[in-house]
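Below is one structure; the comments refer to it alone.
A short reminder: the numbers here are calculations on the coordinates, not readings from a lab. Keep in mind it's a predicted model, so treat the numbers as computed, not measured. Because the Cβ atoms are built from the backbone with ideal geometry, glycine has one as well, and the counts that use them run over all protein chains shown.
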Amino acid sequence: MALDNTARKRTNAAYELEYFDNAAQQVDQQPIKKVVRNPQKKNSRLMVKTVGVLITVVAVCSALLYSRAVLTEVGDQITTSNETLEELQSEGVRLKSELDSKLSLDNVEEYALNELDLVKMNAAQKDYVTVPPAETVQEEEKEESFWDMLVRKFEEFREYIGF
Amino acid sequence: MSTGPSLKMKRRLNMVIATLLAIGFCIVVFNLGSIALSNNEFYQQKATNQQLRDMQINPKRGTIYDTNMKELAKSATVWNVVLSPNDIKEEDRAAIAKGLAEILDMDEETILEKTKKNNYFEYVSKRVEKPVADEVRAFAQENKFSCIYLFEDSKRYYPLGSFASNVIGFTGDDNQGLYGLEAYYDDVLEGTPGRIVSAKNAWGTDMPYRYEKLYEPQDGNGLVLTIDEALQHFLEKNLETVITQHHVNNRACGIIMDVNTGAVLAMATKGDYDLNNPYEISDPTVKAAIDAIENETERKTALSNAREAQWKNKAITELYEPGSVFKMITGAAAVEENIVEDNWSFTCRSMITIAGTTMKCWTYPRAHGAQNFQEALAHSCNPAFITLGQTLGVSTFYKYLQGFGFTERTGIDLPGEEQSFIYGQESQYGPVELASCSFGQSNKYTPLQMITAMCAVVNGGKLMQPYIVRQIVDSEQNVVENIEPQVKRQVISEETSKVMREALEYVVEANGASNSYIKGYRIGGKSGTSQKLDRNAAETEKTPYTASFAAFAPADDPEIAILVMVDEPMGDDYYGSTVASPVVSAVLQDALPYLGIQPEYSEEDLAEMEATVPYVVGQSPMTASSYLAAQGIRCKVVGEGDTVLRQYPTSGNVMPIDGTVYLYTDSTAPEQVEVPDVKGKSASEANIDLLNANLNIKIVNPTDNVDAKVVSQSIEPGRKCEVGTVVTLTFGEVTSSE
């Protein structure tokens with residue numbers, strides 16, 4: 001029986017002679033040209049990007065921290081101002097109470113009588129005038145005629161419509 | 001031959017690891033489910049407690065205003081000075097004690113003792129104000145004393161001191177209302193506390209803005225009272241005067257009420273206390289008596305009783321027998337029941353016998369004789385009103401007692417109102433009890449009940465609900481609630497009320513000054529004097545009486561009513577007409593013009609007007625004389641000079657028209673005369689005596705009542721004074737019931 005071409009190929013564990021069989025084919029194949037950029041340039045761009053990202057992250061974090069700090073500081077200022085406001089309001093209440101106390105009707109009367117020698121006005125210091133009794137005119141009631149009634153109704157209607 | 005683990009072994013190992021991982025995962029999931037689902041509330045609470053802390057924010061207590069929005073009570077922040085003794089270094093103790101003693105005006109030894117205590121929180125001074133707190137703070141910071149702390153607290157300010165003290169009341173250490181309106185409206189005034197819930201870190205301090213939730217406190221609402229500051233002042237001022245003048249043993253009180261609405265325009269009790277120091281005894285005599293008690297327990301008890309006594313609002317917490325003032329009630333009932341009609345008449349024989357018991361008229365043995373209803377009321381005739389009571393009968397009398405509100409509390413919005421003392425149930429009244437109650441004895445009522453009933457008598461018959469708060473406002477003074485006047489019931493008709501107004505006006509006109517008559521005004525009223533039957537002379541130096549007077553004005557269209565009650569006047573007088581009536585008169589003289597009610601004088605009144613002495617020194621006698629004549633004043637020239645050098649009375653003095661001014665034109669010394677004693681004399685007798693002594697007379701409360709006598713004179717008898725000096729006389733008439 002004829003051996004298969006493949007079977008007839010020599011095999012040798014030491015050598016992979018099949019490799020050399022294709023060598024001639026391989027020589028004929030054109031190498032695929034691949035444009036490879038400058039690896040150094042690629043590296044520097046990558047670095048720039050990385051640095052940029054890092055800077056951005058740092059900036060954002062710093063900004064966050066700074067805003068927190070400012071917020072806390074302003075919050076403290078607001079709290080302090082509110083406390084001061086409350087204190088001053090309380091002081092205002094106390095001072096107003098003191099003022100009201102000094103200006104009580106008792107004190108005012110005592111000061112007027114004892115310090116200023118004022119006396120209450122009495123009837124003798126007023127001039128009285130006699131007012132004549134009010135004069136009145138009494139009109140006799142008349143019966144309303146039909147024409148008068150019409151006029152009155154018309155006036156009422158005009159008043160009603162606001163004309 | 002292979003030396004590593006086989007595939008099978010690797011698979012087996014993977015299985016074991018996977019199984020262990022799965023078991024672990026299941027356990028974790030199970031725990032997660034247990035924590036998050038079954039016990040979530042427990043762990044949430046634990047987390048909340050650990051991570052959050054809350055702080056209460058105290059609300060501001062509401063402000064109390066008078067009817068014109070004048071502040072009567074207001075709260076503000078103050079500070080408590082606290083020491084932490086255990087943190088004090090030995091070498092700093094003395095310096096701290098000295099410094100704080102100077103700033104707080106306290107005893108240095110006391111503060112030094114506090115610094116030696118074994119604790120971390122010791123009060124040094126409570127409720128110090130901002131200037132003092134600032135000094136303490138500066139002292140602590142300067143000397144780097146970290147053991148001195150200031151904690152915020154709240155203090156109630158009462159700017160007007162003792163003004164309306166028994167009505168307003170005061171607050172305790174925890175800002176809770178203890179008396180008066182502060183107690184009654186405590187839930188309105190106190191507000192609702194707020195909270196700040198914030199996150200805390202592992203050290204327990206706040207993490208601001210990590211998490212914070214604020215629940216705003218709701219400040220307390222304020223009260224706008226019906227009390228008018230000016231009217232309250234007039235009432236308090238005159239009550240103070242009567243307490244001093246008549247040596248009152250058991251305080252005096254007064255009420256001014258709006259007749260038509262029941263609004264309390266003024267309510268005062270004297271002796272009262274300073275609201276800013278409520279625990280201080282204001283009466284120096286009582287204070288001295290308490291300090292003199294040696295036994296510690298007895299002294300504390302006496303101090304406690306004295307405080308309670310001065311805090312009580314006499315107008316609503318104490319009962320009294322109104323005496324003859326009550327006759328207006330019996331009279332109104334009789335008129336309403338048509339017992340008193342136009343031709344009604346009663347003959348007083350100075351006494352009356354009811355079921356074997358003899359009751360005398362106050363004029364006994366004199367009798368009033370025949371009198372109509374108005375005269376009987378003006379004379380305050382006891383037998384007349386006993387007869388009216390008997391005619392009414394127990395059932396009808398009791399019906400009006402209930403109708404006028406005497407058997408129940410008025411329900412005013414103040415704490416501690418006392419229930420009246422009624423002799424007994426209707427079934428227990430016999431004719432004698434009825435007789436006694438008809439003229440105002442035996443039963444006891446509060447002054448507030450009496451004035452409320454009087455308002456019903458004169459306002460058309462409507463019994464009004466008395467009230468003292470007219471509005472509730474928030475901290476921005478926006479109205480939260482309006483309190484409107486309420487009519488409790490119609491007790492008598494308008495016609496009966498009109499009859500009573502006229503009758504009570506006649507009482508004042510007929511009795512003149514002894515019943516608060518004021519020229520130019522139409523006033524109605526009734527005096528009352530009652531013996532305090534449950535007290536006796538053994539307890540006091542004299543027999544104790546209660547003097548009262550109730551009035552309303554203007555009589556034809558009443559707007560205000562006033563009642564003054566003086567409890568145990570121990571001076572020479574104890575009658576309502578001489579003790580309480582002048583107080584009412586003085587208050588009305590100030591109050592009526594303040595309320596816009598001006599006097600209207602008749603021609604007769606104008607003819608009796610007074611004149612103010614003008615200044616005529618330096619003028620010629622002729623000119624001075626003409627000038628004085630123009631004022632209606634006569635003059636007498638002493639000396640031969642051309643110029644008036646001195647005048648008596650001096651300018652500014654008020655005297656009646658036709659009085660005499662003495663003009664001195666040379667260095668002649670003014671003649672000195674002795675003032676005669678005119679007490680107890682009639683107007684004409686006093687006039688003659690004083691004119692004969694070349695003195696001028698001025699009458700405070702003129703009257704047409706021929707029975708009126710001089711009860712006081714401004715210059716004591718026997719004193720020497722210059723001719724022409726004006727002597728002011730006060731007239732009065734004795735009116736009492738037994």
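Here the 3J(HN,Hα) profile of the stretch B:315-323, calculated from phi with Karplus coefficients 6.51, -1.76 and 1.60 at θ = phi - 60°, is 5, 10, 9, 10, 9, 8, 8, x, x Hz, Gly and Pro shown as x. Dipole of chain B computed with +1 at Lys/Arg Cβ and -1 at Asp/Glu Cβ about the Cα centre; of B:His379, B:Thr67, B:Ile35, farthest Cα towards the positive end is B:Ile35.
With bins 5 Å wide beginning at 0, the percent of Cα pairs of the stretch A:60-140 falling in each bin runs 3, 10, 7, 8, 7, 7, 6, 7, 6, 6, 6, 6, 5, 4, 4, 3, 3, 2, 1, 0. Taken over chain B, the ratio of Cα radius of gyration to 2.2 N^0.38 Å equals 1.39. Using only the C-alpha atoms, the convex hull of the stretch B:442-486 corresponds to 91 Å³ per residue. Over the stretch B:312-358, the fraction of Cα-Cα pairs per 10 Å bin, rounded to whole percents and listed from the shortest bin up, is 19, 31, 33, 15, 2. As a length-normalised measure over Cα pairs under 8 Å and 6 or more apart, the relative contact order of the stretch B:609-732 settles at 25 percent. Note on chain B: antiparallel DSSP beta bridges, both residues inside, total approximately 90 percent of the bridges counted. Size descriptor for the stretch B:204-361, Kirkwood hydrodynamic radius: 21.7 Å (Cα pairs only, one decimal).
Per residue, the average separation of C-alpha pairs within less than 8 Å and at least 6 apart gives the stretch B:319-597 a relative contact order of 18 percent.
Based only on other Cβ atoms within 10 Å, what is the fewest-to-most ordering of B:Ser530, B:Ser38?
On the way: B:Ser530 26, B:Ser38 9.
Taking fewest neighbouring Cβ atoms as first place, the list is B:Ser38, B:Ser530.
Given a cut-off of 25 Å, name the pairs among B:Lys360/B:Lys681; B:Lys312/B:Lys462; B:Lys314/B:Lys498; B:Lys70/B:Lys237 whose C-alpha atoms lie farther apart than that in the structure shown. As for pairs spanning more than 25 Å Cα to Cα, those are B:Lys360/B:Lys681; B:Lys312/B:Lys462; B:Lys314/B:Lys498.
In chain B, taking the dipole from charged Cβ atoms about the Cα centre, the farthest positive-side position among B:Ile96, B:Val661, B:Ala292 is held by B:Ile96. Its Kirkwood hydrodynamic radius, worked out from the mean inverse distance over all distinct Cα pairs, puts the stretch B:60-190 at 16.4 Å.
For the stretch B:639-691, a simple Cβ point-charge model (Lys and Arg +1, Asp and Glu -1, everything else neutral) yields a dipole of about 240 debye relative to the Cα centre.
Per residue of B:590-603, how many C-beta atoms from partner chains lie within 10 Å of its own C-beta, taken as a mean?
Numbers: counts 1, 0, 0, 1, 0, 0, 0, 0, 1, 3, 2, 3, 1, 1.
Shielding by partners across B:590-603 averages 1.
Can you give the log10 of the normalised intensity I(q)/I(0) at q = 0.19 Å⁻¹, computed with Debye over equal Cα scatterers of the stretch B:78-139? Taking Cα atoms of the stretch B:78-139 as identical point scatterers yields -0.64. Scaled to the globular estimate 2.2 N^0.38 Å, the Cα spread of the protein assembly as shown, given as radius of gyration, is 1.59.
Dipole magnitude for chain B: about 3520 debye, using +1 per Lys or Arg Cβ and -1 per Asp or Glu Cβ, origin at the Cα centre.
Out of every Cα-Cα pair that the stretch B:8-54 contains, those further apart than 13 angstrom amount to 68 percent.
Under conditions of 4 °C and 1.567 mPa s, the stretch B:239-295 yields 95 µm² s⁻¹ as its translational diffusion coefficient, taking Rh as the Kirkwood radius over Cα pairs in the Stokes-Einstein equation. Magnitude of the charge dipole for the protein assembly as shown, about its Cα centre and with charges confined to Cβ atoms of Lys, Arg (+1) and Asp, Glu (-1), is about 7040 debye.
Qualifying chymotrypsin sites (Phe, Trp or Tyr not before Pro) in the stretch A:66-138, where qualification requires a DSSP coil assignment and no more than 13 other C-beta atoms within 10 Å, comprise A:Tyr128. The ranking of B:Ile339, A:Ile161, B:Ile329 by Cβ neighbour count inside 10 Å, starting from the fewest, reads A:Ile161, B:Ile339, B:Ile329.
With viscosity set to 0.692 mPa s and temperature to 37 °C, compute the Stokes-Einstein D of the stretch B:609-732, Rh being the Kirkwood radius across alpha carbon pairs; µm²/s, no decimals. Intermediate values should be presented prior to the final figure.
Numbers: Rh = 14.8 Å.
Translational D for this selection: 221 µm²/s.
Taking the three principal axes of the alpha carbon atoms in the stretch B:319-597, the coordinate ranges are 67, 47, 44 Å, sorted in descending order. The distance from the alpha carbon centre of the stretch B:402-444 to that of the stretch B:644-683 is 54 Å, rounded to a whole number.
Going by Cα centres, the stretch B:275-299 and the stretch B:2-73 are how many Å apart? Here the answer is 62 Å between Cα centres.
Order these by the 10 Å Cβ neighbour count, fewest first: B:Asp66, B:Asp87, B:Asp283, A:Asp127.
Working: B:Asp66 22, B:Asp87 12, B:Asp283 17, A:Asp127 4.
Listing B:Asp66, B:Asp87, B:Asp283, A:Asp127 from fewest to most nearby Cβ atoms yields A:Asp127, B:Asp87, B:Asp283, B:Asp66.
With a cut-off of 8 Å between alpha carbons and a minimum separation of six or more residues, what is the relative contact order of chain B in percent? Don't jump to the answer; show the numbers that get you there.
Numbers: 1562 pairs, mean separation 79.6, N = 738.
About 11 percent, as a whole number.
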